[in-house]
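The values are calculated or read from the model by the stated rules, or taken from the named source; none is laboratory data. Given the structure is predicted, the values throughout are model-derived calculations rather than measurements. Cβ sites come from the backbone with ideal geometry, for glycine too, and all protein chains shown count toward neighbours.
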Amino acid sequence: MRGRFITLEGIDGAGKSTHAAWLAEAIAARGHRLVATREPGGTPFGEKLRDILLHVPMAHETEALLMFAARREHVVQVIEPALDRGDWVLCDRFTDATYAYQGGGHGVPTAQIAALEAIVHPGLQPDLTLLFDVPLAVSRERLLRSQAGGRSLDKFESEEQAFFARVRTAYLARAHEFARRFRVIDASRPVADVRAELAELVAGW
Ligand code: TYD
């Protein structure tokens with residue numbers, strides 16, 4: 001039986017990475033073989049592109065093209081083989097992030113992104129997408145706190161508030177458009193409360 005493809009999305013500072021690690025353990029504890037991976041990245045080639053994407057300034061279209069170049073290798077080398085083996089795949093960001101960041105945030109036309117999506121993963125969509133949603137003030141406060149803790153912000157994290165507002169709006173619009181596979185999680189609550197909601201979800205798997 002084919003595995004289940006679950007993706008995690010949200011604006012920077014939503015706390016997605018914290019929940020990703022916990023979720024991976026919870027899914028494995030249910031007895032599912034799990035591949036936990038991320039984008040951009042997920043392959044040695046993709047991780048090299050990640051480093052460039054997160055630190056080098058470039059045209060918005062270049063950014064979209066490189067995201068999808070990394071994604072193609074990820075789909076071919078990692079995601080499809082895992083799903084075919086029956087493994088579950090938990091992916092920290094996928095194509096919804098390109099619609100939200102390069103599309104919503106940077107204004108790359110949706111039709112162009114859709115054309116790349118059709119080349120890179122025809123027929124493949126997540127079975128479930130968890131959107132960790134927080135108001136901008138919360139994400140900003142979390143990013144500033146992690147910066148105060150000594151972590152330097154990458155290219156996207158350093159964007160202005162208006163950028164994140166557009167990214168969030170684009171994510172919520174996709175959640176509305178693809179309501180059957182999306183679940184919006186209020187990630188402004190304390191970690192324990194979000195975790196309780198996730199635990200309830202996982203208990204059904
Ligand atoms: P992120 O997933 O937040 O990783 P970390 O939690 O380690 O910081 O960082 C990836 C960044 O890449 C994030 O700012 C969003 C951006 N991104 C895009 O702009 N488009 C994409 O298609 C993807 C996958 C990510």
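Filter segment 26-69 down to residues that are of a type in the set (Gly, Ala, Ser), within 11 Å of the ligand (Cβ to nearest atom) and closer than 28 Å to MET1 by Cβ, then give me how many there are.
So the count comes out to 3.
Pull up segment 140-172, narrow it to residues that are farther than 13 Å from HIS106 by Cα, without any contact (Cβ under 8 Å) to a residue 24 or more places away in the chain and not polar (S, T, N, Q), then point me to the one that is surrounded by the most Cβ atoms within 10 Å (Cβ to Cβ).
Checked segment 140-172; the qualifying residue surrounded by the most Cβ atoms within 10 Å (Cβ to Cβ) is LEU153.
Would you check which residues across segment 174-200 are surrounded by fewer than 15 Cβ atoms within 10 Å (Cβ to Cβ) and among the aliphatic types (A, V, I, L, M) and list them?
ALA179, VAL191, ALA192, ALA196, ALA199
Restricted to segment 73-110, and to residues that are surrounded by fewer than 20 Cβ atoms within 10 Å (Cβ to Cβ) and closer than 25 Å to PRO57 by Cβ, which residue is farthest from the ligand (Cβ to nearest atom)?
Going through the qualifying residues, I end up with PRO109.
For residues that are free of Cβ contacts under 8 Å to residues at least 24 places away in the same chain and basic (Lys, Arg), scanning just segment 4-61, find the one that is nearest to ALA187 (Cα to Cα).
ARG50
Are any of the residues in segment 150-157 within 21 Å of MET58 (Cα to Cα) and in contact with a Gly (Cβ under 7 Å, 6 or more places away or on another chain)?
no
Search segment 1-21 for residues being away from the ligand (no atom under 14 Å from the Cβ) and not charged (D, E, K, R), and hand back the single one that is surrounded by the fewest Cβ atoms within 10 Å (Cβ to Cβ).
The residue in question is MET1.
Being of a type in the set (A, V, I, L, M) and outside any loop (DSSP other than H, G, I, E, B) narrows it down to one of ALA179, ALA199, so name that one. Show your work before the answer.
Values: ALA179 fails: outside any loop (DSSP other than H, G, I, E, B).
The unique qualifying residue is ALA199.
Which condition number in (1) assigned to a loop (DSSP other than H, G, I, E, B); (2) out of contact with any Lys or Arg (no Cβ under 7 Å at 6 or more places or on another chain); (3) within 11 Å of the ligand (Cβ to nearest atom) is the one that LEU124 fails?
For LEU124, the exception is condition (3).
Yes/no matrix, rows are residues, columns are (1) in contact with an Asp or Glu (Cβ under 7 Å, 6 or more places away or on another chain); (2) part of a helix (DSSP H, G or I):
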{"residue": "LEU49", "(1), (2)": "no, yes"}
{"residue": "MET58", "(1), (2)": "no, no"}
{"residue": "GLU61", "(1), (2)": "no, yes"}
{"residue": "MET67", "(1), (2)": "no, yes"}
{"residue": "GLN77", "(1), (2)": "no, yes"}
{"residue": "VAL89", "(1), (2)": "no, no"}
{"residue": "ALA97", "(1), (2)": "yes, yes"}
{"residue": "GLY103", "(1), (2)": "no, yes"}
{"residue": "GLN112", "(1), (2)": "no, yes"}
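So, PRO122, is that one surrounded by fewer than 12 Cβ atoms within 10 Å (Cβ to Cβ) and either within 17 Å of the chain's Cα centre (by Cα) or over 22 Å from LEU54 (Cα atoms) (or both) or not?
The answer is yes for PRO122.
Only one residue in LEU172, LEU143 is of a type outside the set (Asp, Glu) and at pLDDT 95 or above, so which one is that?
On inspection, the qualifying residue turns out to be LEU172.
Considering only segment 80-117, how many residues are without any contact (Cβ under 8 Å) to a residue 60 or more places away in the chain, under 30 Å from ALA162 (Cβ atoms) and not polar (S, T, N, Q)?
Step one: filter segment 80-117 for residues without any contact (Cβ under 8 Å) to a residue 60 or more places away in the chain, giving 80-81, 95, 98, 102, 106-117.
Still in the running and under 30 Å from ALA162 (Cβ atoms): 95, 98, 102, 106-117.
If we keep only those that are not polar (S, T, N, Q) as well, we get 106-109, 111, 113-117.
The total comes to 10.
Condition test on GLY107, is it more than 27 Å from VAL191 (Cα to Cα) and in a loop (DSSP other than H, G, I, E, B)?
yes
Looking at (1) closer than 26 Å to TRP22 by Cα; (2) over 15 Å from the mean Cα position of the chain (by Cα), which is the one condition that is false for PRO40?
Here PRO40 clears every test but (2).
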